[in-house]
Amino acid sequence: MRLVSLFSGCGGLDTGFENAGFFISFANDCESSVATTYGLNHRCVLNTAKIQDIPSYEIPDSDGIIGGPPCQSWSTAGEMRGIKDERGQLFNQYIRVLKDKSPRFFVAENVAGILSKHHGDAFNDIINQFEKLGYTVAYKLLNAADYGVPQDRKRVIIVGMKDKQLFSFPHNIPVSFVLKDALKDLPVNIDDPLRWKGSYSPIYMARNRRRTWNQPSFTIMASGRQTPLHPDSSPMHKVDTDVWEFDNPSKAFRLSTHECARIQTFRDSFKFKSTTLDNVYKMIGNAVPVRFAEAIAIALRDQL
């Protein structure tokens with residue numbers, strides 16, 4: 001089945017769907033910094049125009065549309081402007097393309113904050129717009145850790161299907177994956193050039209940032225500075241409200257981009273290319289974990 005991918009990023013969601021047998025015929029993301037990485041790992045060439053500037057007739061017909069409209073406007077870590085923010089309004093572009101192309105199904109991904117009471121009216125309006133286009137819509141807050149990803153990462157998945165068919169979300173897998181499952185074969189090098197160096201901000205030090213080898217990682221962030229600590233890093237302890245310290249500051253170090261990619265379940269052969277290390281962290285952190293995406297894709301493929 002052929003897919004259109006919107007807000008593609010480096011292609012974590014796309015890779016999961018490709019692994020399940022889908023074919024990406026068109027992909028778009030206006031962040032040109034991800035284009036090289038996308039091109040190195042997918043057969044489709046990434047279109048980098050703003051989605052607002054792409055008329056629907058230039059987008060090919062497909063069986064489905066997938067993508068995660070920018071999440072910053074909906075995140076509880078941000079200003080929570082939602083649909084009032086320019087980035088939040090990109091959901092309208094997703095709906096516009098969906099209306100004009102009318103594929104058999106769609107999949108949209110976003111942060112847990114989109115389900116908050118603060119965004120209740122806006123979210124309900126989005127769902128209503130999907131339903132008015134003839135889709136039977138199912139949505140659910142899922143944790144990627146329940147689908148073979150060694151990371152706690154809660155995301156809202158919205159699936160719409162035509163012909164009054166209601167999508168059934170995949171069951172949790174019975175096996176939990178932890179940091180040692182992802183990283184145990186990688187040598188630890190504090191001076192790895194792929195590891196973010198630098199100070200730790202007061203925001204970073206406001207809570208514990210280290211998980212042990214026998215735990216899933218904290219959420220992989222889209223920033224080198226905010227990346228979780230390596231499990232061999234110094235532990236942290238709480239000294240006051242929203243204030244933590246390292247037991248041994250000289251032995252504190254973050255996860256590298258290679259380690260973050262493993263935790264996001266990208267294969268080692270997936271090539272990340274950028275002029276800056278922080279942009280590689282950003283690409284990886286913004287991606288949908290591949291194994292998580294694949295679980296959704298397999299369930300959708302089988303139900304279709």
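The values are calculated or read from the model by the stated rules, or taken from the named source; none is laboratory data. Model, not experiment: these values are computed from the prediction. Neighbour counts run over all protein chains shown; Cβ positions are idealised from the backbone, glycine included. All accessible areas refer to the heavy atoms of the entire protein, side chains included, with ligands and DNA or RNA removed. Shrake-Rupley method; radii C 1.70, N 1.55, O 1.52, S 1.80 Å.
Annotations
- Rounded to whole numbers, the Karplus 3J(HN,Hα) couplings from phi for region 232-245 are 8, 5, 4, x, 10, 9, 7, 10, 6, 4, 6, 9, 10, 9 Hz, using 6.51 cos²θ - 1.76 cosθ + 1.60 with θ = phi - 60°, and x at Gly and Pro.
- On Cα atoms only, tilt of 290-303 relative to the major axis of the chain in degrees: 30 degrees
- Residues whose amide H lies under 5 Å from that of residue 24, counting only those 5 or more places away or on a different chain, are 3; hydrogens are built 1.01 Å from N in the peptide plane.
- For residue 151, the residues 5 or more places off, or on other chains, whose built amide H falls under 5 Å of its own are 145, 217.
- Fraction of beta bridges assigned by DSSP in region 100-221 that are antiparallel (%, nearest 5): 95 percent
- Choice from 70, 231, 187 with maximal GNM fluctuation in the chain (Cα, 10 Å cutoff): 187
- Choice from 13, 133, 98 with maximal GNM fluctuation in the chain (Cα, 10 Å cutoff): 133
- Just the protein heavy atoms count here, and of the accessible area of the chain at 1.4 Å, carbon and sulfur take up 50 percent.
- With an a/c value of 1.5 or above and a/b larger than b/c for the gyration tensor axes a ≥ b ≥ c computed over the alpha-carbon atoms, region 94-195 is described as prolate.
- Dipole in debye (nearest 20) - the chain, about Cα centre, beta carbon charges: Lys, Arg +1; Asp, Glu -1: 180 debye
- The chain: most fluctuating residue of 149, 175, 159 per GNM, C-alpha cutoff 10 Å: 175
- Stretching residue 267 away from residue 302 to a fully extended chain increases their span by 10.2 nm, per 0.36 nm per residue minus the current alpha-carbon distance.
- A dipole drawn for the chain from +1 and -1 charges on Cβ atoms has a positive end, and of 128, 158, 41 the residue lying farthest that way is 158.
- Per residue value of the accessible surface for the chain (all protein chains in place, 1.4 Å probe), Å²: 47 Å²
- Shown is the FRET efficiency for residue 124 and residue 276, computed with R0 = 35 Å from the Cβ-Cβ distance and rounded to the nearest 0.05: 0.35.
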